[in-house]
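Notes to accompany the following structure.
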Amino acid sequence: MKKIALLAGARPNFMKIAPIMREIRKRSPSTKQILIHTGQHYDKNLSDVFFKDLGLPRPDYSLGVGSLPHGAQTGTIMIQLEPILQKTKPDLLLVVGDINSTMAGALTAVKMGIPVIHVEAGLRSGDRTMPEEINRMVTDCISSKLLTSCRDGDKNLIREGVNRRKIHFVGNVMIDSLKVALPYADKSQVLQTYGLKKRDYVCVTLHRPCNVDEPRNLLEIIAGLEEAAKKTKVIFPVHPRTLKALQKSKWKPKSRNLLITDPVGYIDFLCLLKNSAVTLTDSGGIQEETTFLGVPCLTVRPNTERPITITEGTNRLIKSDRKSIFTNIRSVLSKPFPRKRIIKYWDGKAAGRIWKIIDSFI
Ligand code: UD1
Ligand code: UDP
């Protein structure tokens, strides 16, 4: 019997793993899938809700590592994962994305002689101050198969000297989950819950350390949102990292139009995203989802590992000062924004292409 271990650890992993597990189950029911959750994210609304919304099975192993500094988190995942891989002896370990769990999983497996497949390989921001950039480079360097979501990924890997035979352009597996979830998102009551009208509000998420860890930077962005909230409603489901910084800063909301909420589940969030007039974010995945949905996206970052969302999609990079935040929001609300184009293999069928690579590999 073939055995495939799949590793997930945080919010942006779950929507990438779910379609792959479903596809393996469909194409090869006899293949044993071993789902390992590192527990990097553990709050109900960052973890459990995604298992429910995405129909993921309960993890076979939960490492429960929780929040730790980078070295300790990476090391703890490795220490806990090694005996599980020793016991279960999978034919391969599949990792997704660019979080600490991704890199820790890949390092553990490869040192045990277990081949690694990396889904969402090859993305590069060129910014090595981002922990994710280090995770991407290390994971790509040691994986046997590098499955890319766009042609930029292939080009980056080839430029780094990777053997072309390792690289496979499979498309964007996040869009597989998005397409499955959209009919449910259309039935979500989240707009009514928050008194929002379609195309008449701004949706916001922020969690990058450069934007939120230093209260001064975060308060500057919030000041821009408060300015925007004079004209339009703003909904801001707050990531726990950002909440910590907000609490430290002793910030108090001044406008009723700025709605601060807990992070919301996947289905409700897609409803918020799809119906927003504009989304302002520093998330990686949300740049892609807005591009697919054709929703204008303002990304509060100096760079992106997903340039295709700018050249082909609806994304624009903006500065993080108060003026930039509200003038960019105002500009999107008053002027037509570039229309979306269809991106190759962002079609809901990436998991099928991923399965083909897995199948021929094992
Ligand atoms: C992590 C990933 C980032 C990804 C993001 C998705 C790394 C280095 N970072 O960032 O790439 O974009 O997830 O959301 O892997 N916390 C909670 N509850 C939780 C999880 C975290 O309260 O369930 C708080 C803790 O105070 C923790 C902080 O959030 O210290 C940051 O969590 P962590 O997983 O280290 O990084 P993220 O910012 O979530
Ligand atoms: N997301 C969600 N609820 C939220 C915020 C985000 O379901 O309150 C989803 C979003 O639709 C996307 C994923 O979480 O699928 C992105 O995760 P995040 O922004 O945390 O991580 P990144 O993509 O930046 O690594």
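Some points to look at:
- For the chain, the relative contact order is 16 percent, taking Cα pairs closer than 8 Å that sit 6 or more residues apart in sequence and dividing their mean separation by the residue count.
- Per residue, the chain reaches -14000 deg cm²/dmol at 222 nm when only DSSP H runs of four or more residues are counted, each adding -39500 (n - 2.57).
- Straight-distance crosslink candidates among lysines, where the alpha carbon sits under 16 Å from residue 323 and sequence neighbours closer than 8 are dropped: 230, 231
- Kirkwood radius for region 1-63, taken over all pairs of different Cα atoms as the inverse mean of 1/r, rounds to 11.8 Å.
- Among 286, 318, 79: highest mean-square fluctuation, GNM of the chain, C-alpha pairs under 10 Å: 79
- The chain - charge dipole about Cα centre, Lys and Arg +1 at Cβ, Asp and Glu -1, debye rounded to 20: 740 debye
- If you take the Cα centroid of region 304-362 and the Cα centroid of region 45-85, the two points sit 28 Å apart.
- Spherically averaged projected area of the chain from its Cα convex hull (nm²): 16.6 nm²
- Cβ-Cβ FRET estimate between residue 32 and residue 129, R0 fixed at 41 Å, reported to 0.05: 0.55
- Calculated SAXS-style log₁₀ I(q)/I(0) at q = 0.11, 0.18, 0.23 Å⁻¹ - region 33-150, Debye, Cα scatterers: -0.35, -0.98, -1.45
- Magnitude of the charge dipole for region 197-270, about its Cα centre and with charges confined to Cβ atoms of Lys, Arg (+1) and Asp, Glu (-1), is about 260 debye.
- Comparing Cα centroids, region 215-243 and region 90-154 end up 32 angstrom apart.
- Using equal-weight Cα scatterers in the Debye expression, the normalised intensity of region 81-179 in log10 at q = 0.12 Å⁻¹ is -0.37.
- Pairs of alpha carbons in region 244-284 whose separation is greater than 16 Å (percent): 54 percent
- Pair-distance distribution of region 121-213: all C-alpha pairs, bin width 5 Å, starting at 0; shares per bin in whole percent are 3, 10, 15, 15, 13, 13, 12, 10, 6, 3, 0.
- The stretch between residue 243 and residue 25, if pulled fully straight at 0.36 nm per residue, gains 74.7 nm over its current Cα-Cα span.
- Gaussian network model of the chain, Cα within-10 Å springs - most flexible of 49, 300, 95: 49
- Proximal aspartates and glutamates to residue 248, defined as alpha-carbon separation beneath 16 angstrom and excluding residues fewer than eight positions away on the same chain: 213, 214, 220
- Cα-based shape type of region 242-362, given that a ≥ b ≥ c are square roots of the gyration tensor eigenvalues and the cut on a/c is 1.5: prolate
- Cross-link table 89/111; 2/356; 44/349; 32/87; 16/111; 32/349, entries beyond 19 Å C-alpha to C-alpha: 44/349; 16/111; 32/349
- For the listed residue pairs 197/274; 274/340; 3/52, the alpha carbons are over 20 angstrom apart in 3/52.
- Förster radius 51 Å - calculated FRET efficiency between residue 86 and residue 252, Cβ distance, rounded to 0.05: 0.45
- Principal axis analysis of the Cα atoms in region 150-190 yields extents of 49, 16, 10 Å, listed in decreasing size.
- Full extension of the chain segment joining residue 262 with residue 356 gains 30.0 nm, where the gain is 0.36 nm per residue of separation less the Cα-Cα distance.
- Solvent-accessible area, 1.4 Å probe, carbon plus sulfur percent, for the chain: 53 percent
The values are calculated or read from the model by the stated rules, or taken from the named source; none is laboratory data. This structure is a prediction, so every number in the text was calculated from the model and none was measured. Counting neighbours? That spans all protein chains shown, and the Cβs are built from the backbone with ideal geometry, glycine included. Please note that ligands, DNA and RNA were not included when accessible areas were found on the heavy atoms of the full protein model with its side chains. Shrake-Rupley method; radii C 1.70, N 1.55, O 1.52, S 1.80 Å.
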